[in-house]
Each structure stands twice: as C-alpha cells, then as structure tokens.
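Visitor: Let me give you the structure first, and then I'll get to my questions.
The values are calculated or read from the model by the stated rules, or taken from the named source; none is laboratory data. Computed from a prediction, not measured in an experiment: that's the story for all the values here. Positions of Cβ are generated from backbone atoms using ideal geometry, with glycine treated the same way; all protein chains shown enter the neighbour counts. Heads up: the accessible areas ignore ligands, DNA and RNA and are worked out on the full protein's heavy atoms, side chains in. Shrake-Rupley method; radii C 1.70, N 1.55, O 1.52, S 1.80 Å.
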Amino acid sequence: TPTIKKVMPIPKAHYGGRHTVTLLPGAGIGPELMGYVKEIFKYAGVPVDFEEIDIDPNADNNDDLNYAITSIRRNGVALKGNIETRSKEVGVLSRNVALRNQLDLYVNALHCVSYPGVNSRQKNIDVVIVRQNTEGEYAMLEHESVGGVVESMKVITKSNSERVARYAFEYARRNNRKKVTTIHKANIMKLSDGLFLETSRRVAKDYPEIILNDMIIDNTCMQLVSNPHQFDIMLTTNLYGAIVSNVICGLLGGAGLLAGKNYGDHFTIFEPATRNTGASIAGKNIANPIAMLNAAVDMLRHLGHKNHAVIIQSAINKTINAGIQTKDLGGTATSREVIDNILKCIKTAQS
Ligand code: ATP
C-alpha cells in the first residue's frame, strides 16, 4: 500500500453555523457572475458569507493580492473569477499564477461531464483532467539573454510530479475509475516531461488495479477531437493541461459551462474551468453564468452544505434541459433569463 503523507487540515472559517469564503470577482464578466452567485445564495438561504476582495489590475504592487492571500489562508476556501495583471512593472507577474503558487495549490482538477440538454460537438463524455498547477511552463522564468534571444524555463520537479500523480491515482481509487493517461512530450523534452512520465509510472505501481497508459500531447489533441471516449482520467503537466481543458470544454459546450477546482493540502479555490476574463462580453447580459454557478456548487459540497448544493445543481440542470440557454450554447436567453429560471426552480424545490 502507498504511503500517503497525512496532512492536518486547516479548519475552514466557520462561525455560528455559517462559513466565510473569500470572493475574488476578478475582471471582465467576473463581477456580474459573482453578483448572480450572491443573489442565488441569498434566495436559497445558503449559510455562507463572502469576504469580497477586488484586485486592481493596474496596480504596480501586489498589496491587493497579498490581502487576498491572507484572506484565503484565514478562510480556507475561495471562489474566483479571472484576475488581470495589466502592470508592465518588472516583478509584477500574473496574479492568477502567483495566487496558486503562494497557496501551493498544486492540483487543478476538472470533471468534464456532458450535459444531455446541451447541443455539443461530442456526447456522453465523462473525463477527469488532473493538471499540475504550479510549475512546468508556468514557472515565469523568462529573460532576454542577448538582444533577440529569449529563454524561458520549464521547471518539472520530482516532488510536484509525485504529488499530482498521487492525487490522480487516489482520485481514481476513490471514484472507481479504471484508467489514468499521462499526457506528455517526453519524446522531445526527454528530461522534463521524461521525469513527469517516469514519476507517474512509479506511482502507478502502488495502484495495481488502475491501468496507466500515456499519450503524446499532439496525438492527444487529435484523439480528443476524434475519439474522446477513450479517456478516463488525464494526468498532465501545466500547459498541456490548459490546452486539453480547453479542447474538452469546447467539445462539451464552451467556456461558460464547466467549473474547476484548485487544490493544495490546506486551501481550495473554485473557479470556471477555462479561466477566461470574457472582457468583450462583459456588462452585456449575454455571459453564460453556469460555469461560475457550478464552481459555487462545488464549493458548497466542499464545505459540506450538501442540501443547498443539490437544490442549486438541480435548478441549473432543469434550466439547461428546458433549453433556457445563453448564445454561446446556441440558445437565445440572456444571462438574466437563465438566472430567473434557476431562481424559479429553487422556489419550486423549496416550497
Ligand atoms: P484572457 O486571457 O483575458 O482570459 P482569453 O483569451 O483567455 O482571455 P476570453 O477572450 O476571455 O479568454 O474568452 C475566450 C472566449 O470564450 C471568448 O470568446 C469569450 O467571449 C468566451 N467566454 C468566456 N467566458 C464565457 C461565458 N461565461 N459565457 C460566454 N462566453 C464566454
């Protein structure tokens, strides 16, 4: 049996039967989507309070970000939109990446399941993407060594490869999944992706009931489009994970539908799966609110508010199945009409 390091969980902020959660609306459509979450939580009587923190995208320092990190360390859990980093100051790096790194959220997990009521390119998909979330191509170590020559470092460590592989196999065992596929480019990046692949093979030995195979990222993209049903759990490095997530979300209905979870040993952040800002559709009452609502439902399950999660989830499903869908899904409904129908379904369920 594998040796899993037992980590003492840090208690989540919980006062008088209510949880406090950090809310990071971010830019673009983030604030309006969070508005819908708050409205639905209030209507459904969800015992969650939000500590809302706006991060100024133009700031030349990280004061807002540090405040957000302190808040998440205190509350244990956050719901997040996409944060923009517009400052060109040296040393101000992507705040989305900084947040995940500083909280050591080493896993990004996406459970991609088809909605029968969505007119998607592929049907009956049920794939879990387990993506390394803090290193690889996102190490943000780039420099111009001489004029016109830029070097960018991709960092793969044995310890992080092992932690994310363990997560994938433990998830497989817990959820009775049969197969893990490691996605890589070890034929070219023999050392970095080689280490990731080798580590997954070593970890797999502790889980003999689960099949491990592997696939090169190029072929993976082709296979995802032509035969996605062959995949069960996909274990990937950071950038390949971003690509694979976008392909699968595209097959299932686009950026507005699915949610993702960022896990570490102590903290969890919930957010839409493909982490888009959606600047061009902000404030127009056309953004699909479902991905953020699904993130909020995942968060309720994580906090143990199962009944509220079930009620809101079923209101979302009923709304989608009734064809009340925004334009990105091929529908004609506004964001507001989707939310109104979800509220109506919650009212019916609670009466
Ligand atoms: P950024 O890097 O700033 O996040 P991006 O290129 O990753 O930008 P966006 O341009 O924000 O991503 O989004 C990609 C596409 O998905 C856009 O066409 C956007 O309109 C669409 N999109 C994103 N979120 C939603 C949503 N909730 N509802 C409908 N469409 C969405």
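Visitor: Return one whole number: the accessible area per residue of segment 1-151 in Å², for a 1.4 Å probe.
Guide: 50 Å²
Visitor: Accessible surface of Ile83 in the full protein assembly, 1.4 angstrom probe, to the nearest 10 Å²?
Guide: Roll a 1.4 Å probe over it and Ile83 shows about 10 Å².
Visitor: Under unit Cβ charges (Lys, Arg +1; Asp, Glu -1), what dipole magnitude, rounded to 20 debye, does the chain have relative to its Cα centre?
Guide: Dipole of the chain, to the nearest 20 debye: 1280 debye.
Visitor: How much solvent-accessible surface does Lys38 expose, in Å² to the nearest 10, with a 1.4 Å probe and all protein chains in place?
Guide: The accessible area of Lys38 comes to roughly 80 Å².
Visitor: Moving to a separate point now. Quick one: what does P(r) look like for segment 146-226 with 5 Å bins over all Cα pairs, in whole %?
Guide: Whole-percent P(r) values from 0 Å outward: 3, 14, 21, 20, 18, 12, 5, 3, 2, 1, 0.
Visitor: For segment 165-213, what does the accessible surface come to per residue with a 1.4 Å probe? Please give it in Å².
Guide: Each residue of segment 165-213 exposes 51 Å² on average to a 1.4 Å probe.
Visitor: Determine the share of the chain's accessible area contributed by carbon and sulfur atoms, expressed in whole percent, with a 1.4 angstrom probe.
Guide: Carbon-and-sulfur percentage of accessible area, whole number: 54.
Visitor: Given Cα pairs under 8 Å that are at least 6 residues apart, what percent is the relative contact order of segment 184-233?
Guide: After rounding, I find 33 percent.
Visitor: Ranked by accessible surface with a 1.4 Å probe, highest first, in what order do Arg177, Arg201 come?
Guide: So, going from the largest accessible area down, we get Arg201, Arg177.
Visitor: Accessible area of His308, 1.4 Å probe, to the nearest 10 Å²?
Guide: 40 Å²
Visitor: Another one. Once both axes come from the Cα atoms, what is the angle between helix 30-44 and the longest principal axis of the chain, in degrees from 0 to 90, rounded to 10?
Guide: 50 degrees
Visitor: Can I ask one more? Compute the orientation-averaged projected area for segment 15-97 from the convex hull of its Cα atoms and round it to one decimal in nm².
Guide: 5.6 nm²
Visitor: With charges only on Cβ, +1 for K and R and -1 for D and E, what is the dipole size of segment 45-175 about its Cα centre, in debye, rounded to 20?
Guide: 880 debye
Visitor: Now, a different point. Could you state the number of Å between the C-alpha centres of segment 11-28 and segment 285-330?
Guide: Measuring centre to centre over Cα atoms gives 19 Å.
Visitor: Now for a separate question. Using only Cα atoms and rounding to the nearest 10 degrees, what angle (0 to 90) does helix 306-321 make with the longest principal axis of the chain?
Guide: 80 degrees
Visitor: From the mean inverse distance of alpha carbon pairs (Kirkwood) and the Cα radius of gyration, derive Rg over Rh for the chain.
Guide: Here Rg/Rh amounts to 0.96.
Visitor: Which angle between 0 and 90 degrees, to the nearest 10, do you get for helix 158-174 versus the longest principal axis of the chain when only C-alpha atoms count?
Guide: 50 degrees
Visitor: Students sometimes get this wrong: rank Phe270, Phe50 by accessible area, probe 1.4 Å, all chains present, largest first.
Guide: Phe50, Phe270
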